[in-house]
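Here's the structure, in structure tokens; my notes come after.
The values are calculated or read from the model by the stated rules, or taken from the named source; none is laboratory data. Remember, predicted model here, so these are calculated numbers, not experimental data. Quick reminder, even Gly has a Cβ in these numbers, built from the backbone with ideal geometry, and neighbours come from all protein chains shown. These area figures cover heavy atoms from the full protein model, side chains too; ligands, DNA and RNA do not enter into them. Shrake-Rupley method; radii C 1.70, N 1.55, O 1.52, S 1.80 Å.
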Amino acid sequence: MGLFNRASGTKPATATATATAPAVAPALAALTGTYAIDTAHSTLGFTARHAMITNVRGAFTDYEGTLALDGSAPSASAASLDIRMASVDTGSADRDGHLRGADFFDAERFPVMTFRSTSAEALGGSDYRIHGDLTIKGTTRPVAIDLEFNGAAKDPFGNERVGFEGRAEILRSDWGLTWNAALETGGVLVSDKIKLTFEISAIRTA
């Protein structure tokens, strides 16, 4: 996942470089291992503007993902995520059915949305920006996700856990999700911009 990449280079650090290069949180830099996302304690959410005046929030409830963290070689880290589109849940059965249909996700033909990380950059402290490829309905486009490392702990059952919060913004039209309806007062029913939010708890498996 490259969650804690440092700037590359072989020159010795100078006072100027030290002042400008983002420092990596020591707790994150020390992590090495493979982690599985714990879906019971994680949330993959999204927010869309509805009718130009309010927000509708939803989440996907069926997914799996892994993080491969390498503290000694951060660029070797990786992340993958597979999300089943039929699991979309906005709290409205009618709206969820519409989202699963051909106007939006076409979940029967394209049952899985995937994310595969490609690189990352450290922003300083516990903040990182993860770059990767997001595939929806057979279309793959790059996205950038801002992540904050929340910490690592061993739970009462002996599991080694790591936690992250993330956010990103995308235009759904970039993935061919263009359905909309015009409003009598002007504007459209559903915003093109979608806000993505992530609350991740992952358990070390190796």
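Could you please let me know if Ala59 is in a loop (DSSP other than H, G, I, E, B) and either open to solvent by less than 60 Å² (accessible area, probe 1.4 Å) or of a type in the set (D, E, K, R) (or both)? Full working, then the answer.
Working: in a loop (DSSP other than H, G, I, E, B): no; either open to solvent by less than 60 Å² (accessible area, probe 1.4 Å) or of a type in the set (D, E, K, R) (or both): yes.
It is false that Ala59 is in a loop (DSSP other than H, G, I, E, B) and either open to solvent by less than 60 Å² (accessible area, probe 1.4 Å) or of a type in the set (D, E, K, R) (or both).
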Pairs where the first residue, in the stretch 93-104, is free of Cβ contacts under 8 Å to residues at least 40 places away in the same chain and the second is open to solvent by less than 80 Å² (accessible area, probe 1.4 Å) and small (Gly, Ala, Ser), C-beta under 7 Å, 6+ apart: Arg100/Ala86; Arg100/Ala107
Lone unmet requirement of (1) surrounded by fewer than 16 Cβ atoms within 10 Å (Cβ to Cβ); (2) within 23 Å of Ser201 (Cβ to Cβ); (3) β-branched (Val, Ile, Thr); (4) more than 15 Å from the chain's Cα centre (by Cα) for Thr139: (2)
Unmet requirement for Gly186, which otherwise passes all of (1) open to solvent by 20 Å² or more (accessible area, probe 1.4 Å); (2) at pLDDT below 95; (3) part of a strand (DSSP E or B); (4) of a type outside the set (D, E, K, R): (3)
Residue that is open to solvent by less than 70 Å² (accessible area, probe 1.4 Å) and more than 13 Å from the chain's Cα centre (by Cα), where the choices are Gly101, Gly91, Gly166, Gly132: Gly101
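Tell me which residues, restricted to the stretch 142-163, are open to solvent by less than 70 Å² (accessible area, probe 1.4 Å), free of Cβ contacts under 8 Å to residues at least 24 places away in the same chain and assigned to a loop (DSSP other than H, G, I, E, B). Spell out how you get there, then give the answer.
First, pick out the residues of the stretch 142-163 that are open to solvent by less than 70 Å² (accessible area, probe 1.4 Å): 143-147, 149, 151-153, 155, 158-159, 161-163.
Okay, now just the ones that are also free of Cβ contacts under 8 Å to residues at least 24 places away in the same chain, so 146, 153, 155, 158.
Hits for the stretch 142-163 are Asp155, Gly158.
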Residue under evaluation Ser191, criteria (1) under 26 Å from Ala68 (Cβ atoms); (2) open to solvent by less than 60 Å² (accessible area, probe 1.4 Å), criterion not met: (1)
